[in-house]
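Bear in mind these aren't lab numbers, they're just calculated from the coordinates by the rules spelled out. The structure presented is a predicted model; accordingly, all values stated were derived computationally and were not measured. For neighbour counting, all protein chains shown are included, and Cβ atoms are generated from backbone atoms with ideal geometry for every residue, glycine included.
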Amino acid sequence: MRSTTFLQSGVSFADNSQEAHDDMYYCWLYEGSQWKTKLYAAGALALILAVVFFPVWPYKLRLGVWYLSMGALGLLGLFFAMAIFRLILFVITTFVVPPGLWLYPNLFEDVGFFDSFKPLWGWQETAESKKVAKAAKKAKKQARRERRALREQGSGEEEGEEHEHDHEHDHEEQGEEEEEVVEGEEEAEAEAEDEDAEESGAATGADVVQQQQKAYQRVAQSASVEEADDDE
């Protein structure tokens, strides 16, 4: 039996009732400072205390709360009155102008607050009207799918054109690089030939100088021999 150490809310404690084996994992759960939770708790406590101490509020604040509560009750009563009125109107129009007229037909539908009051009025839906509405929805969905397919096809063609353009651009760049390499090789060969020519030219110049020196030596020797013969 081993003691497993856990860390919770920044405080570590040992739990000797936990087993530990080599094939088990250890984890530390840290949820941070939880300042939002503490702030919400403090706000809830302040709201409760404010409601409890309502009798000791200033007179103006209590009067304002009373007006606000009466306004909310008035809106609630108006809503119920409108619901009853629209029901009576529907019952009357069902016999007078079937299939019946609804005031605010989306009032109790699962929509947003503002959408509940749109449209202002509407006829009662029948089986035929429901079929027509479903057909219209299907047509709209089909039109959306077709537009989406056209957009995807257009984007695919554009991507293909871009790919071909990039491929051609790569080929052009590769051709330019090869031309540059060939030009560099030609320039290197030309420089090497110039160097060889300079070296060969330098070598021939040295040979000419040596030959001239040898000729001078021969002339000097012949001159010395002639002077010796004259002296004799």
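Quick rundown of the values:
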{"item": "Residue order, fewest to most surrounding Cβ atoms within 10 angstrom, among 125, 186", "result": "186, 125"}
{"item": "Computed FRET value (nearest 0.05) for residue 106 with residue 49, which takes r as the C-beta separation and R₀ as 41 Å", "result": "0.50"}
{"item": "Overall form of segment 7-133 per C-alpha gyration tensor (a/c, 1.5; a/b vs b/c)", "result": "oblate"}
